[in-house]
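The values are calculated or read from the model by the stated rules, or taken from the named source; none is laboratory data. Keep in mind that this is a model prediction, so the values were computed, not measured. Here Cβ is always computed from backbone atoms with ideal geometry, including for glycine, and neighbour counts include all displayed protein chains.
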Amino acid sequence: MRHHVNRVALIGTGFVGSSYAFAMLNQGVTEEFVMIDLNKEKSEGDAMDLNHGLPFAPSATKIWFGDYSDCKDADLVVICAGANQKPGETRLDLVQKNSAIFKGIVEEVMASGFDGIFLVATNPVDILTYATWKFSGLPKERVIGSGTILDTARFRYLLGEYFKVDPRNVHAYIIGEHGDTELPVWSHADIAGRPISDWAKNKADFKQEDLDELFVNVRDAAYHIIQRKGATFYGIAMGLVRVTKAILGNENSVLTVSAHLDNIYGQEDVFIGVPAVVNRNGIREVVEIGLDANEQEKFNHSASVLKNIISSISILPK
Ligand code: NAD
């Protein structure tokens with residue numbers, strides 16, 4: 001019998017995938033890390049380059065450029081592969097294109113005999129997580145999307161900056177679609193157990209518009225970064241490592257990931273960003289935080305946008 005070693009397979013070693021690989025190596029998260037991409041040269045080069053960092057890494061990791069057969073023994077398959085939006089291409093066009101790419105990838109992974117957990121980062125992430133669930137046939141708790149993990153991190157960072165507190169002490173969530181219809185849960189935002197409204201009262205120069213603008217900056221952060229450097233990758237890469245650690249370390253951590261909703265938050269049959277307890281089995285449970293009426297309305301709208309897109313994908317198994 002094979003002695004159990006943690007293996008993570010990464011599919012798609014572009015900006016996001018290779019940053020994730022680098023962050024994984026630096027944090028010493030797994031014993032084996034295999035990289036798979038259509039672009040063999042780039043991926044092989046990355047594997048060589050990363051291996052040369054091993055003498056400086058906190059623990060040993062075996063890293064190689066591989067193929068789908070290597071997914072058989074993987075505990076986790078992380079997908080960062082896919083096409084980016086081209087000029088003149090609609091979001092729906094991209095959905096159809098990436099769904100077709102995902103069909104191919106997920107079928108190859110499953111054909112290897114893979115029986116672990118999928119973590120999806122490719123956009124539109126909530127839709128492609130749903131597609132991965134359908135194409136794989138795996139139980140819903142073993143398919144996870146990065147969801148609003150990055151948006152929540154941006155929110156915590158900006159709130160920390162605004163109130164001059166370490167973002168790790170900020171408890172506040174962005175939920176909904178990872179995209180234009182996401183929303184902040186102000187009704188449950190706190191710093192060190194004290195509601196944000198209290199912190200606001202004690203801030204001499206506080207203005208409500210500052211918080212409204214702060215959320216807009218969270219929601220539109222990707223546009224601002226893409227305008228400057230063409231892509232975003234470090235933040236999401238670290239977010240993916242955080243989810244990976246929660247899974248491999250059986251941490252039961254609460255993270256805002258894209259999870260399947262089944263009669264919770266007033267929704268069903270959609271993958272969407274919500275706080276969820278993540279452990280070695282995937283999503284242990286979705287955490288329902290009581291939204292106020294305005295938040296619930298926005299959340300419902302976000303879910304309906306996602307459901308409409310899902311219903312437009314012709315190649316999804318019923
Ligand atoms: P990229 O173009 O640099 O990388 C994509 C990689 O996928 C390339 O290396 C390409 O060769 C590979 N690929 C394409 N089709 C493939 C296939 N069929 N099989 C195997 N590999 C294939 O793009 P990127 O900047 O790394 O972004 C990747 C995805 O991550 C995009 O969809 C992007 O929108 C998304 N993203 C998500 C978040 C988030 O919060 N979820 C944040 C940033 C980026």
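Rundown of residues vs (1) buried (at least 19 other Cβ atoms within 10 Å of the Cβ); (2) under 25 Å from Thr232 (Cα atoms); (3) in contact with a strand residue (DSSP E or B) (Cβ under 8 Å, 6 or more places away or on another chain); (4) at pLDDT 95 or above, yes/no style:
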position	(1), (2), (3), (4)
Thr13	yes, yes, yes, yes
Met24	yes, yes, yes, yes
Gly53	no, yes, no, yes
Ala83	no, yes, no, no
Does Leu150 qualify as being touching a helix residue (DSSP H, G or I) at 6+ places or on another chain (Cβ under 7 Å) and either in a helix (DSSP H, G or I) or crowded, with 23+ Cβ neighbours inside 10 Å (or both)?
yes
Residue among Ile175, Ile144 that alone is assigned to a strand (DSSP E or B), within 21 Å of the chain's Cα centre (by Cα), modelled with pLDDT of 95 or more and away from the ligand (no atom under 13 Å from the Cβ)
Ile175
Applying the selection to the range 198-247, what residues are closer than 16 Å to His178 by Cα, in contact with a helix residue (DSSP H, G or I) (Cβ under 9 Å, 6 or more places away or on another chain) and surrounded by fewer than 12 Cβ atoms within 10 Å (Cβ to Cβ)?
His224
Restricting to the range 126-140, count the residues that are part of a helix (DSSP H, G or I) and closer than 20 Å to Gly113 by Cβ.
5
Tabulated pairs, the range 111-128, first closer than 13 Å to Ile272 by Cα, second of a type in the set (Val, Ile, Thr) and in a loop (DSSP other than H, G, I, E, B), C-beta under 8 angstrom, 6+ apart or interchain
Ile127/Ile313; Leu128/Thr122
Go through the range 55-81 and give me each residue that's surrounded by 15 or more Cβ atoms within 10 Å (Cβ to Cβ) and basic (Lys, Arg).
Lys72
So which residues in the range 258-280 are loosely packed, with under 14 Cβ neighbours inside 10 Å and of a type outside the set (Gly, Ala, Ser)?
Asp262, Asn263, Glu268, Asp269
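Quick test for you: out of Glu288, Glu268, pick the one residue that is more than 13 Å from the chain's Cα centre (by Cα) and over 17 Å from Thr129 (Cβ atoms).
Working: Glu268 fails: over 17 Å from Thr129 (Cβ atoms).
The unique qualifying residue is Glu288.
Going by the structure shown, is Glu108 in contact (Cβ under 8 Å) with a residue 12 or more places away in the chain and within 10 Å of the ligand (Cβ to nearest atom)? Spell out how you get there, then give the answer.
Details: in contact (Cβ under 8 Å) with a residue 12 or more places away in the chain: yes; within 10 Å of the ligand (Cβ to nearest atom): yes.
The answer is yes for Glu108.
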Restricting attention to the range 26-57, the residues that are among the small types (Gly, Ala, Ser) and free of Cβ contacts under 8 Å to residues at least 24 places away in the same chain number exactly 2
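Give the residue, chosen from Ala60, Ala23, Ala9, Ala74, that is more than 9 Å from the ligand (Cβ to nearest atom), in a helix (DSSP H, G or I) and touching a residue at least 12 places away in the same chain (Cβ under 8 Å). So that I can check it myself, show each step before the final result.
Values: Ala60 fails: in a helix (DSSP H, G or I); Ala9 fails: in a helix (DSSP H, G or I); Ala74 fails: in a helix (DSSP H, G or I).
It is Ala23.
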List the residue pairs whose Cβ atoms are under 8 Å apart, where the first residue sits in the range 216-245 and is within 9 Å of the ligand (Cβ to nearest atom), the second is among the basic types (Lys, Arg), and the two are 6 or more positions apart or on different chains.
Gly235/Arg154
If I ask for residues that are in contact with a strand residue (DSSP E or B) (Cβ under 7 Å, 6 or more places away or on another chain), farther than 17 Å from Lys298 by Cα and in contact (Cβ under 8 Å) with a residue 24 or more places away in the chain, which ones from the range 161-188 would you list?
Phe163, Val165
Is the range 153-173 home to any residue that is buried (at least 18 other Cβ atoms within 10 Å of the Cβ) and under 30 Å from Ala100 (Cβ atoms)?
no
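Per-residue answers, yes or no, for (1) within 16 Å of the ligand (Cβ to nearest atom); (2) at pLDDT 95 or above; (3) of a type outside the set (A, V, I, L, M); (4) within 23 Å of Arg280 (Cα to Cα):
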residue: Thr129; (1), (2), (3), (4): yes, yes, yes, yes
residue: Ser136; (1), (2), (3), (4): yes, yes, yes, yes
residue: Asp151; (1), (2), (3), (4): yes, yes, yes, no
residue: Tyr157; (1), (2), (3), (4): yes, yes, yes, no
residue: Phe163; (1), (2), (3), (4): no, yes, yes, no
residue: Pro167; (1), (2), (3), (4): no, yes, yes, no
residue: His188; (1), (2), (3), (4): no, yes, yes, no
residue: Glu209; (1), (2), (3), (4): no, yes, yes, no
residue: Asp212; (1), (2), (3), (4): no, yes, yes, no
